[in-house]
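Engineer: Have a look at the structure that comes next, please.
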Amino acid sequence: MFYIFDGDDDFSRDEALAALKAQLGPADIVSLNTSVFDGASVSLDELRHACDSIPFFGDARLVIVNGLLARFHAPGRKKAGAAEPGEGEDADEPASGAHKEYRTRLLEYLPMLPDTTRLVFLESVLLPSKSPFVALVAQHPDKGRRQAFSLPNPRSRDGLGELAAWIRTRAKAKGARIDAPAVDALIDLIGNDLRLLDSELEKLAAYCGESPITLADVRQLVPLAREAVVWDLIDAIAQKRLRAALDTLRRLLNEGEPALRIFGLMVSEYRLLIQARTLADQGYTDDRIATRLKVHPWRLRQRMDAARRGSAESLKATYRLLLQTDTEIKTGVQEPEAALEFLVANLCR
Amino acid sequence: MAQALYRKWRSQTFDEVVGQEHVVRTLTSALAQGRIAHAYLFAGPRGTGKTTMARLLAKAVNCLAEDGPKPCNQCAVCQALNEGRLLDLIEIDGASNRGIDEVRTLREQVNFSPNVARYKVYIIDEVHMLTPEAFNALLKTLEEPPAHVIFVLATTEVHKLPPTIISRCQRFDFRRIPLDLIVGRLRFIADAEGIKADQDALELIARSATGSMRDAISLLDQLSSYGSDSITRELVQAMLGAVSVEPLADLLDDVVQGDLKGALGLVAQLVDQGLDPRQLTAELLDYVRDLLQVKAGNPPSLTAAGAQTEARMRAQAEALRVEDLLRLSRLLTQASLEIKGNILPQLPLELALTEAIVKPEAAPAPAQSVQPAQQPKPAPRPAPAPAATPRQEPKPQPAPQEPQPVAAQPRREQPAAASAPAAAPASTAPAGEGIVDLDAVHHRWDEFVENLRTRTPRTLALSVQALLRSGAPLRVEGDVVVVGFPSEFHRHKANENAAKALAEKALAEALGVAHCAIRGVVVSPQELKAAEAARAGKKYAAPPKPTPNAAVSEATDPVIQYATNDLGAVAKPIAPEKPSSVEEETP
């Protein structure tokens with residue numbers, strides 16, 4: 001049997017591989033019978049040698065090759081930088097004669113794999129649909145299997161839905177329930193890093209136990225949530241709520257966030273405000289501003305109101321205040337935490 | 001040699017861990033369900049329990065107890081670990097084993113099964129010190145660790161770790177331990193060790209530890225070996241070199257009351273007692289910072305000051321404005337900078353306090369944010385002179401409020417032109433019907449805006465009403481009422497002919513004058529707010545008597561009245577030169 005696990009979702013791919021290993025028997029026996037090759041350097045002879053060996057003590061041999069097949073579809077000299085999975089036309093053109101031979105012989109060899117061998121090709125990109133290996137799987141459904149793993153794209157509507165469903169299923173598998181705001185928050189904070197999502201869900205599930213996972217739990221446990229807390233701080237400042245701003249700042253400091261990092265985040269937020277305001281004054285639309293500044297549209301939308309509210313002059317004054325604070329912190333005039341508090345109070349006026 | 005207190009009293013069960021409830025709860029329930037991750041990352045400031053928690057975890061996963069809470073601290077494994085002789089707990093100091101060779105050695109050893117325990121636990125402290133190569137080597141192991149190994153990485157600077165490492169670990173963020181929890185723990189240890197300590201001494205220790213339990217316990221340890229019967233607040237202060245809070249509160253009282261003599265005397269006294277002026281300035285700044293929190297409505301959490309001082313702080317925060325506090329902080333910061341290398345180290349502090357007391361109301365310069373009004377003046381005015389009378393100066397808070405001690409000092413330096421011809425004020429404005437009084441405008445404004453709805457054409461009237469609601473009258477120049485608007489859009493709209501005519505007519509009627517004009521300017525939100533506040537203050541005051549001319553009105557102006565009657569100021573005419581704070585317009 002040979003398997004093709006391809007796609008950019010390495011977390012699910014690793015899980016599939018782990019599941020396959022688990023099928024083959026006890027872990028220590030399997031590890032005796034496992035060979036791992038790097039696709040960039042392995043020769044066909046090495047590969048055949050590993051595959052044709054008879055399993056030692058166990059029932060099956062497991063041979064894992066990382067990134068070999070994608071090599072055959074790598075861009076040739078003619079078309080550099082076009083290794084996209086969509087480029088089906090190119091897929092049939094191997095990069096060189098040696099490559100071509102390698103590929104042909106491999107294609108001939110695969111159907112003849114011994115029954116005791118499981119050969120797994122792990123590919124970090126999706127194989128083009130015209131790939132001869134994909135075709136080979138179709139020809140020999142009993143000999144080969146292909147599983148594609150693509151990450152859901154959190155910027156598209158479908159991707160968002162898919163991601164939300166994944167989070168819910170995953171939480172359920174861990175014996176936990178999760179409410180909708182918490183799902184949204186996780187997507188906002190982590191995006192489609194499934195490994196991180198899984199690890200955070202594991203934590204949240206253990207923390208919440210029987211009760212459902214809520215937004216408050218996410219804020220409590222997910223470290224990245226603190227970046228969002230900095231946004232709370234900026235919001236409080238924009239609305240001139242001194243008490244809320246100082247509260248938020250103190251909370252961040254108490255949670256161990258370094259003062260300079262908070263300051264850095266504040267500066268980058270105000271920098272974004274000034275840039276957005278300048279572009280808006282030049283007549284750019286919100287979407288084009290987002291593209292120009294390379295920020296996520298929803299993040300920009302949150303900020304645009306604030307950007308439009310103040311005069312350009314007051315934004316500049318704010319920026320000068322930030323610079324002054326920066327200088328004072330870094331020349332040791334003020335303690336960073338004190339400087340931040342006074343800065344926030346100043347901005348709240 | 002006696003063991004250091006912080007090691008002796010390191011928490012031995014999850015229940016004893018203080019201030020990290022979210023970590024404890026997650027870990028204990030994960031342990032109960034047998035869901036153990038292969039790599040953990042504990043991040044947080046020093047002394048918040050990272051290593052303690054890592055050891056507890058190592059103990060709990062290996063504890064042999066059949067049931068009941070783990071770790072049991074009874075079984076062989078727990079005891080071996082507590083005594084530091086469990087071979088399967090490997091603690092590595094990342095700071096001194098940071099190279100690739102050390103990590104390679106680790107990788108080789110990882111594959112061996114544990115000696116006696118269920119899991120081999122590797123605790124790598126200060127893991128952020130590893131070199132990039134070492135991180136890469138470690139990553140391979142973290143990606144596929146053998147089933148019998150648990151890694152716990154601990155760091156104070158998680159942002160120095162590569163994201164690949166972070167994403168392979170279950171990350172927990174440790175927080176600074178709240179003051180009261182540290183105090184509670186200190187009390188517990190002190191009682192158990194038979195150390196006598198005052199409550200406020202413990203609070204001061206906890207405060208100086210800024211959330212680090214280890215720092216707090218170490219300090220307690222040092223103090224307990226000092227040889228005195230009991231740990232008092234004074235002892236802690238002496239050890240920390242800290243200024244006690246009372247003199248600071250006294251100093252601030254002097255500032256609030258404008259008592260320059262008292263303040264300077266106190267500084268001299270404190271410096272004579274051997275206090276470092278720089279330290280004093282820093283502490284004073286810290287105190288001001290705390291006042292800011294109090295002013296904002298938060299408890300002064302940094303100060304373990306006791307109820308009495310807290311009440312004083314509240315009173316001081318009441319008496320001072322946020323602006324005053326910020327100004328004070330600026331003065332003190334500047335002073336602390338100038339102390340370095342000054343021949344008289346306490347001089348900058350004294351100067352800062354003097355400046356805070358003598359000129360408490362540094363007039364915020366509104367002119368800076370007023371944008372030039374491009375529209376031509378609606379009604380030609382005879383002379384620029386009126387703009388120079390004190391009465392018409394834009395004041396951020398013209399309404400007499402409850403006597404503010406900070407504001408109480410009369411301005412000593414009058415403009416240099418005080419000797420200008422006394423005739424100047426008399427000629428400020430031509431006597432006649434056209435004179436409009438700011439108080440009257442303030443008084444009638446709401447009514448006027450409200451009554452606009454009855455005017456025709458109705459749509460125009462309503463839009464004018466909406467416009468004026470977003471603005472506020474700033475001042476009066478002759479018969480021109482200057483109205484501040486938050487944006488150029490508002491100003492432009494208000495200056496349109498039809499809108500202007502309608503509003504002016506209505507305003508003239510409301511004020512009972514034959515003619516008046518309205519001119520819009522753009523002002524900053526702060527100024528607008530100040531103007532609003534001034535107007536709100538006036539609204540409920542008695543309506544001012546009609547004033548035939550400016551010279552008379554000067555005497556009846558409540559601010560001037562207050563200044564002359566209550567503060568002993570002398571009204572002097574000043575030269576008709578343009579004050580800096582008045583709007584830019586020159587005819």
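The values are calculated or read from the model by the stated rules, or taken from the named source; none is laboratory data. Keep in mind it's a predicted model, so treat the numbers as computed, not measured. Here the Cβ is made from the backbone with ideal geometry for all residues, glycine too, and neighbour counts use every protein chain on show. Areas reflect the complete protein model, heavy atoms only, side chains present, ligands, DNA and RNA absent. Shrake-Rupley method; radii C 1.70, N 1.55, O 1.52, S 1.80 Å.
Engineer: So, taking all protein chains as they sit and a 1.4 Å probe, how much accessible area belongs to A:ASP14, in Å² rounded to tens?
Structural biologist: A:ASP14 exposes around 60 Å² with every protein chain in place.
Engineer: Taking 35 Å as R0, compute the FRET efficiency from the Cβ-Cβ separation of B:ALA466 and B:ALA569 and round it to 0.05.
Structural biologist: 0.25
Engineer: Can you give me the long-range amide H partners of B:GLU477? Hydrogens built in the peptide plane at 1.01 Å from N, cutoff under 5 Å, separation of 5 or more residues or another chain.
Structural biologist: When sequence neighbours closer than 5 places are left aside, the close amide H contacts are B:VAL482.
Engineer: With a 1.4 Å probe and all protein chains kept in place, how much accessible area does A:LYS316 have, in Å² rounded to the nearest 10?
Structural biologist: 110
Engineer: List the residues, sorted by chain then number, that are 5 or more residues from B:GLN170 or on another chain and whose placed amide H is less than 5 Å from its amide H.
Structural biologist: Answer set, sorted by chain and number: B:ALA39, B:TYR40, B:LEU41.
Engineer: Residues of A:197-207, mean number of Cβ from any other protein chain within 10 Å of their own Cβ, rounded to a whole number?
Structural biologist: 5
Engineer: Could I ask something else about it? Express in nm, to one decimal, how much length is gained between B:GLU193 and B:GLN526 on full extension, taking 0.36 nm for each residue of separation and deducting their alpha carbon distance.
Structural biologist: Gain on extension, B:GLU193 to B:GLN526, equals 114.2 nm.
Engineer: Considering only DSSP states other than H, G, I, E and B, which trypsin sites (Lys or Arg not before Pro) in the stretch B:63-117 qualify as loop sites with at most 12 other Cβ atoms within 10 Å?
Structural biologist: Qualifying residues, ordered by number: B:ARG85.
Engineer: Just how much of A:ARG271 is accessible, in Å², when a 1.4 Å probe is used and the result is rounded to the nearest 10?
Structural biologist: Approximately 120 Å² of A:ARG271 is accessible to the 1.4 Å probe.
Engineer: Could you run the Karplus curve 6.51 cos²θ - 1.76 cosθ + 1.60 with θ = phi - 60° over the stretch B:20-26 and give me ³J(HN,Hα) per residue in whole Hz, x for Gly and Pro?
Structural biologist: Values per residue, Gly and Pro as x: 10, 4, 5, 6, 4, 4, 5 Hz.
Engineer: To the nearest 20 debye, what is the magnitude of the charge dipole of the stretch B:433-539 about its Cα centre, counting +1 on the Cβ of each Lys and Arg and -1 on the Cβ of each Asp and Glu?
Structural biologist: That gives a dipole near 360 debye.
Engineer: Using R₀ = 60 Å, calculate the FRET efficiency as 1/(1 + (r/R₀)^6) where r is the Cβ-Cβ separation of B:ASN73 and B:GLU450; round to 0.05.
Structural biologist: E(calc), rounded to 0.05, equals 0.20.
Engineer: Return the Cα extents of the stretch B:179-240 along principal axes one, two and three, sorted largest first, each rounded to a whole Å.
Structural biologist: Taking the Cα atoms of the stretch B:179-240, the three principal extents are 26, 24, 17 Å.
Engineer: For the stretch B:5-173, what's the relative contact order in percent, using C-alpha pairs closer than 8 Å and at least 6 residues apart?
Structural biologist: Normalised by residue count, the contact order of the stretch B:5-173 is 30 percent.
Engineer: If you don't mind, another one. Let me check something: with ligands and nucleic acids excluded, how do A:TYR284, A:TYR319 order by accessible area (1.4 Å probe), largest to smallest?
Structural biologist: Largest to smallest exposure gives the sequence A:TYR319, A:TYR284.
Engineer: Express in nm, to one decimal, how much length is gained between B:LYS340 and B:GLU16 on full extension, taking 0.36 nm for each residue of separation and deducting their alpha carbon distance.
Structural biologist: Taking B:LYS340 through B:GLU16 to full extension adds about 112.1 nm, to one decimal.
Engineer: Could you sort A:TRP231, B:TRP445 by their accessible area in this structure, using a 1.4 Å probe and putting the largest first?
Structural biologist: A:TRP231, B:TRP445
Engineer: What nm value, rounded to one decimal, do you get for the distance between B:GLN269 and B:ARG118 when each label is placed 7 Å out toward the C-beta?
Structural biologist: Each label point is offset 7 Å from its Cα along the Cβ direction, giving 6.6 nm.
Engineer: At 0.692 mPa s and 37 °C, plugging the Kirkwood radius over alpha-carbon pairs of chain A into Stokes-Einstein gives what diffusion coefficient in µm²/s?
Structural biologist: Stokes-Einstein gives a translational diffusion coefficient of 134 µm²/s.
Engineer: Pairs to check: A:LYS330/B:LYS340; B:LYS120/B:LYS160; B:LYS50/B:LYS140; A:LYS294/A:LYS330; A:LYS316/B:LYS529; A:LYS174/B:LYS140. Give those whose C-alpha atoms are more than 19 Å from each other in this structure.
Structural biologist: B:LYS120/B:LYS160; B:LYS50/B:LYS140; A:LYS294/A:LYS330; A:LYS316/B:LYS529; A:LYS174/B:LYS140
Engineer: How far is it, in nm, from the label point at A:ARG145 to the one at A:ARG309 when both lie 7 Å from their Cα along the line to the Cβ?
Structural biologist: 5.7
Engineer: Order A:PHE56, A:PHE263 by their accessible area, 1.4 angstrom probe, all chains in place, largest first.
Structural biologist: The most accessible residue leads, giving A:PHE56, A:PHE263.
Engineer: So, one more: Roughly how crowded by other chains is peptide B:176-188, in terms of the mean Cβ count from those chains within 10 Å of each of its Cβ atoms?
Structural biologist: 1
Engineer: Here's a follow-up. Sequence-distant or interchain residues sharing an amide H contact under 5 Å with A:THR34, placed H: which?
Structural biologist: The list, which skips near neighbours in sequence, is A:LEU62.
Engineer: Here's a follow-up. Find how much the distance from A:THR331 to A:ARG105 grows on full extension, using 0.36 nm per residue of separation minus their present alpha carbon separation; answer in nm with one decimal.
Structural biologist: 74.6 nm
Engineer: Here's another thing I want to ask about it. Checking understanding here: applying a Kyte-Doolittle mean of at least -1.0 and a length along the axis of at least 30 Å (C-alpha), which whole DSSP H helices in chain A pass?
Structural biologist: Span-like helices here: A:259-281.
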